[in-house]
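Notes follow the structure.
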Amino acid sequence: MKRDFMFTSESVTEGHPDKLCDRISDAIVDHFLRHDPFTRVVTECAVATAIVFIAARFESDALIDFTKIARQVIKQVGYEQPSFSAKTCSIVTSLKELPQGEYRHFDEQKLSDTEIEKIAVKNQATVFGFACNQTPAFMPLPIWLAHQLARRLTEVRVQNILPYLTPDGKTQVGVEYCDRQPCRIHSITIIASQYPLDPVASPDLKQLQEDIRATVIDPVFETEIIKPDLDTRIFINPDGPFIIGGPAAHSGVTGRKNAIDTYGEYSRHSGAALSGKDPTRIDRVGAYAARYAAKNVVAADLAEECEVQLSYSIGLARPVSIQVETFGTGKIADEEIKVLLEKHFDFRLAGIIKQFNLRFLPALIKGGFYKQLATYGHVGRTDLGLVPWEETDKITLLKAIK
Amino acid sequence: MEGLQVAQWLTEMNNRQLPSGESRKSHRLSLKQPKPLVQMLHNRVQGRVRYKIRGLKRSENLPQYLEFRLSSQPGINYVRASSWTGNILILFTKELSLKAIASLILTIVNEYRQQPKQALELMQNWSKTASKPSNLMPLESWHLQETAAILTELETSRESGLSLERVQDNLQKYGANVLAESKPRSGLSIFIDYFKSVPVALLTLAAGLSLVTGGIIDAVVIMGVVTINAILGYATESQSERIIHSLKSLVNPSAWTIRASQVTKINSQEIVIGDILVLKPGSYVAADARLIEAERLSVDESALTGESVPVLKTAQTLTGQDVPLAERANMVYRGTLVTGGQGLAVVVATGQLTEMGRIQTLVGETTVPQTPMERQLDRAGSQLVLLSSGVCGLVFALGLMRGYGVVQMLKTSISLAVAAVPEGLPTVATTTLALGIGKMRRHNVLIRRLDAIEALGSVQTICLDKTGTLTANQMSVVELCTDYQRIEVTDGQFLREGEPLNPYGCDELLKLIHVSILCNESKVNNHHDGRYVVNGSATENALIQMAIAAGIDVLELKRKYPRLEIDHRSEERNFMRTVHIVHESQKLVAVKGNPTEVLELCCCQLKCGRQIPLTEADRQAIEMENERMAGKALRVLGAAYGHIDDGECSESLIWLGLVGMADPVRHGVKDLMGSFHQAGIKTVMITGDQSPTAYAIGKELNLSQGKPLEILDSNHLAHLDPEVMKGLCDRVQVFARISPVHKLQIVQALQQAGKIVAMTGDGINDAPALKAAEVGIAMGHTGTDAAREVADVVLEDDRLETMIIAVSQGRTIYNNIRKSVHFLLSTNLSEIMVMLLANGVGLGQPLNAMQLLWLNMVTDIFPGLALALEPPEPEVLQVPPRSPEDPILNSQDFQRIISESSVLSVSSMAAYGYGIARYGISPHASSIAFMSLVTSQLLHALSCRSTKPLSTIHLPANHYLTVALGGSLTLQLICLVIPGLRNLLQVTPLNLLDGVVIGNSALLPLLFNEATKSNRLGEEP
């Protein structure tokens, strides 16, 4: 196992076309669940110049206006350029209503344990959850920093600190590890898009670089323990100015930024997309459940790094296999941790939905629940308030055994 | 009858002139006189006459000279000579007679002719010293003049328009606002034209030869045949011409004008110069006019300039000398359509003087254009003429070599040429199309252009308007939502949660209803028996009906709050705004339209009578309600109001609520969609509604045939890459939030993707799309005049189901023409083959000239026509449409024709062979060959009824064919029996054995051809 290495992770702003599509897909899921909590829906979205394509297969009592939701999201993200804007883009929707299934109206909150045992998963998936103690949020440092930078990049645009920026942006942070602990920042890259160059309204590259450094990079690292030093390589728009950006420059599809949604490739992650799926999809909620388990393991001090792998098979309610990997940092054997997990954590589909209340969250939370998860990661979110799988309420149970 | 006398007098005068030696080219050998110098064209209207002057065309100075000389004559008001068309138009008072004018023109023209230089000098001198204003109206420069000046010049004004006396005066002076219609060809000219074709020339030659060689009877018979052919051709073609020209009966739109200070609707034919036109969205501009007021006025000028994007107009005076037509932004022209905004304009040119009229005169007489199929058939026909001429030459040569007389061989080969050439080919097409029009008329489908029928047969995609076509356009309010409470409306009762609600008891509801009435353009009339009659768009009518049902006095309300201004909906702003007077210092603003846009304008809402601000949560809740109602396929409108106090206008309005209207889908439309799908035609729905509404209806009608429903929601189609647009339009079944302007783009994108498109439309804005589509469909009752005028197909009883009948008829007609052509070609080819074979092998002449001509009459015409009248095959609507690229006969068809005619020829040759074996080379053998060829050809007609073997399909009976075949066979037998005919045709009596052989030789090819049909790979019928 490597002890000294350099690792980079990237993140994108909500204006990046791929993330925009994730956001639109999840906004649709939110909307559906708000009107009919027992909806089943899978929606994919694609954007290109002046056109948005939404494909949805759903089984629901509600009928929603896909195009209006998409336009709202695009507008809220801030696209108002003539080449792509909420008002002028054309939206193609391809909708298919699925025939009504048997388990649609089962409210998991009201099911007994035996009934939960009967509800089998409908997809195959191997999902991973990860946690480590590199950051207070129990996330690996590179992805954590990348998310902070991306979030700040959007903030400075929205708060008019740098009004010449446009919604599209990308960040990447490289961290050097000594003995599997982060020791210094190796490199930072930020790609920020701006309005067409104009001496007054939109400055040239040099000015942009200074501005970004001052308003984005410095404030983010103020509160960090490991700060960039003189040798840290900082690249801001190394390829030249990035004018406008967005779907007019590069197209986007739902589900192409899986790594950004999870752990920045530091840990393994499932190939399945997380956005655009309703809570009955195990390839989505299983990842949340795995994260819940891993985070509690690390928070209970049972290991410094923990990766939980769950494999599901169609037709069974429980995972076919549960594996735990602590990369040599476990205080007890991996096998024993696995036994603990099996005992205290419910990995069945209906059980996950019940304990996280996944069906009713969108109605409870203002501004949509899944939509906010779509950008800046589905896991490791400390800014959203109550995110069920980030709770560390099983620590006492796990610690008791030790 | 003065006109006639003048014409005669003119002819006299013309004949005294020396013709200038030019002779006009004519595609038919024309033996006309050289054209007269001055020819009267028009003199139907009092005080207005048009002459054609030879030599005026393309002359540089003669027009000016004529204008100059004539305009200075007393009694002549207006002269316009055109060097493009060679015509001169003169408007004159009653002092002058037509004769005087004609002689004047003659004198002037001769003057010019004889001494052109002097004439020019005279003109130039005069113009230098001219002080009196010219009588020539400066037609070209209205756009450069100020509106005030124009108004005074035409003695009219913006408020009052023309006085009624002035209207009559101008009507007298300038004539009615009509464009000259082309006259159909007279029956005589059709008849005479028939004698000018090549086959007839050949036959005349043959007749001449017969005369020369002493065969008078032969000559008479030949000419008789020609005449009979001509009569038949005349009968069918004149019928067709009549039908074609009846298609032109234009529906004359009406126009709103201000006359004698009143806004009146008049027939557009009665518009005169000086009238003030009121332009509203959806009105057809009836005459050329200069704008005196324009507010966001946009006009679609594609009929004139070809530009499909509407042009924004202004009332400002333009400057600059050479402003092209398309850039005259302060003029509107006859034939264009107002697509948005409003305006007032003063008419400056009517009738033939409009730009449209001038273009028409430029183009000359409108000839009926040939349809693509006719062109194909023409081409095929001329190729055949060449072929048969070649073969006839060959037959002639061979016959000579065998030792037959020159004259005899000449006659025979000429007759063969005539018999073999299917000169009726294009006639068959035109006649069938024209008869097809008649048939469809009986189903209340009015076809207005011939090639629409051809296109109908190959339609691949049909674009349907939702409102008015798929739905009954009978909107009624079914739900209201105000104060977050749902109120259902059924049978005039308002129900809230099942409990009846009195609108007067709920302030928000009452205000909502009031705003719906005020912000509304429908006209309400109170009938004497207490009923209300409401006129306007369906949406607005529904609102008024709801109010009436609620017991609200609509007229009283409108009187109490008179309307000050109105802002119509436009593409950018999807709502309508009106301002009303409350009392002196206060005005009321009423707004209704797209809920999202109206909500954006509001800052507060009304709750229990108080105004409270709209929070974000409130807005979300309203949006959710909107979504829910739209998901039920309702058309949802939002309403709001505001106050203007003392000129101070508050920017934000007070939200009142949502109104949901249902427009039920027409009865039987769902099944119709199914029929279209079965016939291989894709259905596409176009609507201005929101996506959820469109989705609900699309699902109900099963537009996607079970596959996922794809909807394109856009009002900025121009931003899409054309390639993307093309690809999308091909896949998408519903277009939502589309404004009519985009319909044309959708049609064009589909056409670029290679589809044949049929498009329905009823509004003015649909006209460009209707024109561009291969088949434009308009509704007869609902829908506007403009749409009907432009459309190719008008469904008179508004039933969309008749479209499927039209498609079936279209396909059938095309198939029938193919069958007929197939028959004609195969029989003619068989005749050629028989003669060629016999002459080649040296077996004498199986058919003589007379018999060949008889063949022509008996076999070519009647069964051919009867085949063209076949009823539709049972499966015509179960197969996909034919590809438009396919020629009417492809190479496989030709091979089949050749093989079928070979079979026919071989069997006739066999019978001939039997005859020769028994009787030697003699008239007896010839008779056998003759009879067998005729009967086998007649039976072949049965085989041509379908490309599939007759035993496998059940064809409905074709009475025409039965009659034709029966009649022809009878005629054939008669010529055996009657001695006179026998001698003429040189047919000998036949005995029973001969009869059996003939019968066999007729049946065998039929059976053989039928049997070989089934071996062919299945093709479209």
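Can you name the condition, by its number, that A:ILE69 falls short on among (1) within 14 Å of chain B (Cβ to nearest Cβ); (2) closer than 15 Å to A:LEU274 by Cβ? With (1) within 14 Å of chain B (Cβ to nearest Cβ); (2) closer than 15 Å to A:LEU274 by Cβ applied to A:ILE69, the lone miss is (2).
Assess whether A:LYS399 counts as being outside any loop (DSSP other than H, G, I, E, B), under 28 Å from A:ARG151 (Cβ atoms) and open to solvent by 10 Å² or more (accessible area, probe 1.4 Å). No, not satisfied.
Among the residues of the stretch B:521-531, are any among the hydrophobic types (A, V, I, L, M, F, W, C) and assigned to a strand (DSSP E or B)? Yes, the stretch B:521-531 contains at least one residue that is among the hydrophobic types (A, V, I, L, M, F, W, C) and assigned to a strand (DSSP E or B). Only one entry in B:LYS755, B:LYS726 is farther than 26 Å from B:PRO281 by Cβ and more than 14 Å from chain A (Cβ to nearest Cβ), namely B:LYS755. Please verify whether B:LEU877 is more than 23 Å from the chain's Cα centre (by Cα) and part of a loop (DSSP other than H, G, I, E, B), treating the condition exactly as stated. It is true that B:LEU877 is more than 23 Å from the chain's Cα centre (by Cα) and part of a loop (DSSP other than H, G, I, E, B). Show the residue pairs meeting these rules: Cβ distance below 9 Å; 6+ apart or different chains; first residue within the stretch B:976-993 and β-branched (Val, Ile, Thr); second residue surrounded by fewer than 15 Cβ atoms within 10 Å (Cβ to Cβ). So the pair list comes out as B:VAL977/B:PRO989; B:THR988/B:SER922. Taken together, the criteria place B:ALA419 among residues that are in contact (Cβ under 8 Å) with a residue 60 or more places away in the chain, in the same structural domain as B:THR204 (by TED's automatic domain parsing) and either within 30 Å of B:GLU627 (Cβ to Cβ) or open to solvent by less than 10 Å² (accessible area, probe 1.4 Å) (or both). Do the conditions hold for A:LYS170, that is, is it assigned to a strand (DSSP E or B), open to solvent by 10 Å² or more (accessible area, probe 1.4 Å), at negative phi and of a type in the set (Lys, Arg)? Yes; evaluated as a whole, the condition is true for this residue.
Considering only residues in the stretch B:729-746 that are part of a helix (DSSP H, G or I) and within 11 Å of chain A (Cβ to nearest Cβ), the one that is least open to solvent (accessible area, probe 1.4 Å) turns out to be B:CYS729. Annotation: of all residues in the stretch B:589-618 being touching a helix residue (DSSP H, G or I) at 6+ places or on another chain (Cβ under 9 Å) and within 11 Å of another protein chain (Cβ to nearest Cβ), the one that is surrounded by the most Cβ atoms within 10 Å (Cβ to Cβ) is B:PRO595. Going by what's in this entry, would A:GLY328 be described as more than 24 Å from A:LEU111 (Cα to Cα), assigned to a loop (DSSP other than H, G, I, E, B) and touching a residue at least 60 places away in the same chain (Cβ under 8 Å)? The answer is yes for A:GLY328.
Filtered by the rule that a residue be in a helix (DSSP H, G or I) and of a type in the set (A, V, I, L, M, F, W, C), the stretch A:375-395 gives A:TRP389, A:ILE395. The set of residues in the stretch B:388-407 being part of a helix (DSSP H, G or I) and either of a type in the set (Lys, Arg) or in contact (Cβ under 8 Å) with a residue 24 or more places away in the chain (or both) consists of B:SER388, B:SER389, B:VAL391, B:CYS392, B:LEU394, B:VAL395, B:LEU398, B:GLY399, B:ARG402, B:VAL407.
Just to be sure, is B:LEU965 farther than 18 Å from B:LEU933 by Cβ and surrounded by 15 or more Cβ atoms within 10 Å (Cβ to Cβ)? Here the answer is no, as B:LEU965 does not meet what is asked.
Taking the stretch B:39-63 as the range and being in contact with a Leu (Cβ under 9 Å, 6 or more places away or on another chain), under 20 Å from B:THR93 (Cβ atoms) and not in a strand (DSSP E or B) as the test, the residues that pass are B:ASN43, B:GLY47. Scanning the stretch B:551-587 for residues that are over 24 Å from B:MET624 (Cα atoms), of a type outside the set (S, T, N, Q) and open to solvent by less than 20 Å² (accessible area, probe 1.4 Å) turns up B:ILE552, B:VAL554, B:LEU557, B:VAL579, B:HIS580. The set of residues in the stretch B:710-727 being closer than 14 Å to A:SER94 by Cβ and either buried (at least 23 other Cβ atoms within 10 Å of the Cβ) or of a type in the set (Gly, Ala, Ser) (or both) consists of B:ILE711, B:LEU712, B:ASP713, B:GLY727. Being under 22 Å from the mean Cα position of the chain (by Cα), modelled with pLDDT under 75 and not acidic (Asp, Glu), is that true of even one residue in the stretch B:271-287? Checked the stretch B:271-287: at least one residue is under 22 Å from the mean Cα position of the chain (by Cα), modelled with pLDDT under 75 and not acidic (Asp, Glu). Residue pairs whose Cβ atoms lie under 8 Å apart, sitting 6 or more positions apart in sequence or on different chains, and linking a residue in the stretch B:41-63 that is assigned by TED's automatic domain parsing to the domain that holds B:TYR174 to a partner that is modelled with pLDDT of 75 or more and in a loop (DSSP other than H, G, I, E, B), do not occur here. All conditions in (1) part of a strand (DSSP E or B); (2) touching a helix residue (DSSP H, G or I) at 6+ places or on another chain (Cβ under 7 Å); (3) within 12 Å of chain B (Cβ to nearest Cβ) hold for A:PHE53, with the sole exception of (2).
Restricted to the stretch B:54-76, and to residues there that are among the polar types (S, T, N, Q) and buried (at least 16 other Cβ atoms within 10 Å of the Cβ), the residue that is nearest to B:LEU37 (Cα to Cα) is B:SER59. With respect to the conditions (1) away from every other protein chain (no Cβ under 13 Å); (2) farther than 30 Å from A:ARG152 by Cβ, A:PHE32 lacks only one, and its number is (1). Scanning the stretch A:195-218 for residues that are of a type outside the set (A, V, I, L, M, F, W, C), in contact with a helix residue (DSSP H, G or I) (Cβ under 8 Å, 6 or more places away or on another chain) and within 12 Å of A:LEU153 (Cα to Cα) turns up just one, A:THR215. For the stretch A:89-105, a residue qualifies if it is open to solvent by less than 40 Å² (accessible area, probe 1.4 Å) and of a type in the set (Lys, Arg), and exactly one does: A:ARG104. Looking only at the stretch A:318-353, residues that are within 20 Å of A:ASN133 (Cα to Cα) and hydroxyl-bearing (Ser, Thr, Tyr) come to 2 in all. If the condition is being in contact with a His (Cβ under 9 Å, 6 or more places away or on another chain), under 15 Å from B:GLU623 (Cα atoms) and of a type outside the set (Asp, Glu), then the stretch A:23-65 contributes A:ALA62, A:LEU63, A:ILE64. Looking across B:VAL636, B:VAL659, one residue alone is within 14 Å of chain A (Cβ to nearest Cβ), in a strand (DSSP E or B) and open to solvent by less than 20 Å² (accessible area, probe 1.4 Å). It is B:VAL636.
One residue is enough: does the stretch B:815-831 have a residue meeting the conditions assigned by TED's automatic domain parsing to the domain that holds B:SER922, among the hydroxyl-bearing types (Ser, Thr, Tyr), farther than 30 Å from B:GLY399 by Cα and buried (at least 20 other Cβ atoms within 10 Å of the Cβ)? The answer is yes, given that some residue of the stretch B:815-831 is assigned by TED's automatic domain parsing to the domain that holds B:SER922, among the hydroxyl-bearing types (Ser, Thr, Tyr), farther than 30 Å from B:GLY399 by Cα and buried (at least 20 other Cβ atoms within 10 Å of the Cβ).
The values are calculated or read from the model by the stated rules, or taken from the named source; none is laboratory data. Fair warning: this is a prediction, and the values are worked out from it, not measured in the lab. Every residue, glycine as well, gets a Cβ built from its backbone with ideal geometry; the counts of neighbours run over all protein chains shown. These area figures cover heavy atoms from the full protein model, side chains too; ligands, DNA and RNA do not enter into them. Shrake-Rupley method; radii C 1.70, N 1.55, O 1.52, S 1.80 Å.
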